[in-house]
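The structure's right below; bear with me while I get my questions together.
Taken together, the values in this text are just the output of simple stated rules run on the coordinates, not laboratory data. Keep in mind the model is a prediction, meaning the values are calculated, not measured. Virtual Cβ from ideal backbone geometry, glycine too; neighbours counted across all protein chains shown.
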Amino acid sequence: MIKRKCTCGADADIRRQTRRALDGRDEVVYGVVCPVCGQSGPVVSAEGKDEEAVITEAVLAWNDMYARLRSA
């Protein structure tokens with residue numbers, strides 16, 4: 001899986017975060033974030049998935065967002 005660079009040209013990072021869900025439980029999410037400009041892609045919940053699958057899903061979401069931004 002090839003992760004596209006950010007629209008600013010920097011290499012984006014895959015980040016794992018824990019956040020509080022609305023029901024009060026902790027939820028692990030993955031997303032792609034640019035360390036230079038701060039642009040972030042959609043976050044993907046890791047619940048019920050292995051780490052590799054979640055990372056792949058986060059990169060696909062980032063690449064899809066990038067393609068939509070570039071085509072606009």
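Tell me the Rg and the Dmax, in Å, that the Cα atoms of the chain produce.
Both quantities, over Cα of the chain: 12.7, 39 Å.
Okay, moving on. Run through segment 14-72 and list the trypsin sites (Lys or Arg not before Pro) located in a DSSP loop whose Cβ has at most 14 other Cβ atoms within 10 Å.
Within segment 14-72, the qualifying trypsin sites (Lys or Arg not before Pro) (loop, at most 14 other Cβ atoms within 10 Å) are Arg25.
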